[in-house]
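Contents: one structure, followed by commentary.
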Amino acid sequence: MSDLARETFTLHRRGEAPLGGAALAERMARLGGAWALVDDHHLECEYRFDDFAGALAFVNRVGALAEELNHHPDIELAWGRVKLTIFTHDANGLTHGDFVWAARVDELR
């Protein structure tokens, strides 16, 4: 498990500003993997699978994590492919929790 995935996930407190600049760069470096930072606003990652059943099973694991943490991504499911988009709506951008969440999703693969 990555060090970021081991960190405590906490929900964003309303009124806190989203991460920016060096804080985003530092967390992206720690996240690694295939996640992309889009417009300094959200994270996206696309996972490939051998078939629809594998992609669907992954979506179900992601859904269970989302429910456990009460932090829900946008999910796009297609044959052999899952695309996830995550950000904190209350912050209208990224928070530390989004990066912890993304690292934990990587562990589900």
Could you go through the range 89-105 and let me know if any residue there is surrounded by fewer than 18 Cβ atoms within 10 Å (Cβ to Cβ), modelled with pLDDT of 95 or more and in a strand (DSSP E or B).
no
Considering the range 62-109 alone, what residues qualify as being touching a strand residue (DSSP E or B) at 6+ places or on another chain (Cβ under 8 Å) and hydroxyl-bearing (Ser, Thr, Tyr)?
THR85, THR95
Odd one out for VAL82, checked against (1) out of contact with any Leu (no Cβ under 8 Å at 6 or more places or on another chain); (2) surrounded by 15 or more Cβ atoms within 10 Å (Cβ to Cβ); (3) under 23 Å from GLU7 (Cβ atoms); (4) among the hydrophobic types (A, V, I, L, M, F, W, C):
(3)
Restricting attention to the range 60-76, which residues are in contact with a Lys or Arg (Cβ under 8 Å, 6 or more places away or on another chain) and part of a strand (DSSP E or B)?
ILE75, GLU76
Scanning the range 62-75 for residues that are within 13 Å of the chain's Cα centre (by Cα) and not aliphatic (A, V, I, L, M), which turns out surrounded by the fewest Cβ atoms within 10 Å (Cβ to Cβ)?
ASN70
Which of (1) at pLDDT below 95; (2) closer than 20 Å to PHE9 by Cβ does TRP35 not meet, given it meets every other one?
(1)
Scanning the range 18-49 for residues that are in a loop (DSSP other than H, G, I, E, B) and of a type in the set (A, V, I, L, M), which turns out surrounded by the most Cβ atoms within 10 Å (Cβ to Cβ)?
LEU19
Could you run through the range 50-59 and say how many residues are out of contact with any helix residue (DSSP H, G or I) (no Cβ under 9 Å at 6 or more places or on another chain), touching a residue at least 12 places away in the same chain (Cβ under 8 Å) and not in a loop (DSSP other than H, G, I, E, B)?
5
Taking ALA55, is it over 16 Å from the mean Cα position of the chain (by Cα) and closer than 30 Å to GLY80 by Cβ?
yes
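Rundown of residues vs (1) free of Cβ contacts under 8 Å to residues at least 60 places away in the same chain; (2) more than 12 Å from the chain's Cα centre (by Cα), yes/no style:
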| position | (1), (2) |
| --- | --- |
| GLY20 | no, yes |
| ARG30 | no, yes |
| CYS45 | no, no |
| LEU77 | yes, yes |
| ILE86 | yes, no |
| LEU94 | no, no |
| PHE99 | no, no |
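The values are calculated or read from the model by the stated rules, or taken from the named source; none is laboratory data. Owing to the predicted nature of the structure, the values given are computational and were not obtained by experimental measurement. We place every Cβ from the backbone using ideal geometry, glycine too, and count neighbours over all the protein chains shown.
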